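Laboratory data are not the source of any read-out in this text; all were calculated from the coordinates shown. Since this is a predicted model, take the numbers as computed values, not measurements. Using ideal geometry, Cβ is built from the backbone for each residue, glycine included, and neighbour counts are taken over all protein chains shown.
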Amino acid sequence: MIARERVRGMPVNTWYAPTLSEIIALGEQDILGSLMPNAALPPLDKTPEQRQASMERQWSGAIAALNACFAAMVPSSSDLGHSAIGVVLSGPAPILQSGLADHVASWTMTAELSLADWLPYHLLPSSETSAPHPFSTPSTLPLLGHDPLAQEQFCLALTPQFGVVMTLGRDTTGDPVFLVSFVPDVVMQAWRSLRSRLVLSAPHVLSQLDHLVQQFTPPTPDYRVVTQFHRLMLMHLPEPNHGTVHNIDVAPSCPVDGFQPMPVQGQALHSTHLDTHGRADVELLRAIAHEVRTPLTTIRTLTRLLLRRKEVTPDIAKRLAMIDRECTQQIDRFNLIFRAVELETEASKPCAQSLASISLKQVFHDGVPQWQERASQRNLTLDVRLPQTLPMVVSDPVMLNQMLSGLIDRITQTLPSGSHIQMQVSLAGSQLKLQLRSHLDHKGDRPIPDPVSYGFFAPTLQSIGDLLMFQPETGNLSLNLDVTKNLFQALGGKLIVRHRPHHGEILTIFLPLETRSEA
């Protein structure tokens with residue numbers, strides 16, 4: 001099981017059987033790589049403790065969702081029999097609720113004497129005696145010493161409707177990571193990896209397991225099954241434990257072009273006043289955002305699975321890529337709406353302490369091609385002017401990218417064909433200044449739209465509740481300006497909007513620069 005190798009003169013241990021984290025990561029990387037060969041996941045600006053807590057919450061939610069799925073499959077009392085409704089291999093602790101153990105064939109794979117360390121509590125045996133059930137007591141299967149799989153929490157589940165494999169482990173950089181896959185090939189690779197271990201440690205169970213795996217060979221799941229699983233997972237996510245967060249030094253604010261210092265600590269951020277009716281709207285919007293994101297995520301996943309197939313023609317692949325791109329844009333949009341809902345509720349107030357030092361170079365490197373593509377799709381041009389050196393700022397990298405994308409969408413949705421957008425980034429004292437301007441393009445032979453007849457820069461926007469604006473001409477939903485300003489304030493910055501009749505808006509964003517205190 002172990003091979004001894006040398007990499008650049010250093011001896012390393014390499015297991016022939018990969019861990020489940022490695023299998024899932026490679027499988028999902030293949031899906032992403034088929035679409036975007038040069039794509040890389042953005043770095044998460046979280047401390048190791050925060051990331052560990054986040055991954056553990058996702059693992060707990062996924063385990064609860066799986067138990068809920070099994071519970072829905074349990075036959076009625078009149079149909080009870082001794083046939084299993086599924087198979088579960090988990091480690092290093094059992095994951096099934098006690099009532100499901102009677103219906104699911106389950107085994108726990110664990111290193112010797114380590115099971116108790118992973119169990120948060122032990123259940124006392126029932127005082128009532130009952131007839132034994134063939135699946136009532138999960139069997140424990142050993143893992144060989146020094147198997148890296150023993151350092152992961154994992155679960156492989158097979159049912160007539162789907163197969164799933166998920167792990168709570170570490171990625172190639174050693175950071176904690178939660179991974180899940182419904183892809184049949186990935187699930188079967190995970191089973192083969194576990195089976196190769198059992199050949200050495202527990203060959204006596206292989207005959208029974210092989211029969212059950214053949215009985216529950218994972219099919220390509222219905223998208224509704226995957227959607228329901230992720231919905232249940234989100235419903236069962238444990239509440240985050242808010243611990244101590246370290247502060248980051250921010251450059252002191254100074255007045256720049258009328259820019260006033262931001263409240264940073266101990267000052268409540270302004271939020272839109274929500275009465276009882278408004279709060280009901282917010283809860284409805286929260287539910288709608290969730291219901292929209294979940295199926296879009298499923299559609300995007302299935303689209304990427306289709307793109308992996310060899311028989312897909314270039315023309316079909318192009319259309320599938322368009323579906324993937326549109327799903328991603330809408331998912332990001334509703335992520336932003338969902339974040340705005342959180343900001344506007346008292347239960348989740350943003351705080352400047354949660355912000356991190358980020359590189360704007362990476363933000364623009366990832367965002368500019370996407371923004372220019374969106375502008376090009378509407379026959380607009382986007383010119384981005386950046387200084388030679390981009391400083392570090394204090395913000396939220398993911399949310400900042402989504403906010404900038406949202407502003408680009410807001411502008412492109414309101415401009416007629418042939419317009420031009422200019423984005424200019426510069427230093428303004430102790431802040432970074434990002435300005436967006438829009439105007440008609442007078443170059444070339446293209447006809448110049450008449451500002452009045454086109455209603456140039458003055459789209460018909462209708463207010464929907466306290467948070468959203470609706471544009472009937474395009475069907476586009478966007479956050480209103482007050483909420484958008486609040487979101488930028490949550491990022492540690494400020495948004496200023498200047499209206500120019502028939503000449504468009506000037507959007508100016510200020511972000512605080514990072515300063516590192518010298519020891």
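What to note about this one:
- Spin-label pair residue 500-residue 171: with each label point 7 Å from Cα along the Cα-Cβ axis, the two points sit 4.2 nm from one another.
- Förster radius 25 Å - calculated FRET efficiency between residue 361 and residue 60, Cβ distance, rounded to 0.05: 0.10
- Counted by neighbouring Cβ atoms within 10 Å, the residues 494, 361 run from fewest to most as 361, 494.
- Cα centroid of the range 82-108 to Cα centroid of the range 186-224, whole Å: 14 Å
- Summarising the label geometry, the points placed 7 Å from Cα in the beta-carbon direction at residue 185 and residue 515 lie 5.4 nm from one another.
- Put in order of Cβ neighbour count within 10 Å, fewest first, the listed residues 339, 498 become 498, 339.
- Residues 310, 485, sorted so that the one with the fewest Cβ neighbours within 10 Å comes first: 310, 485
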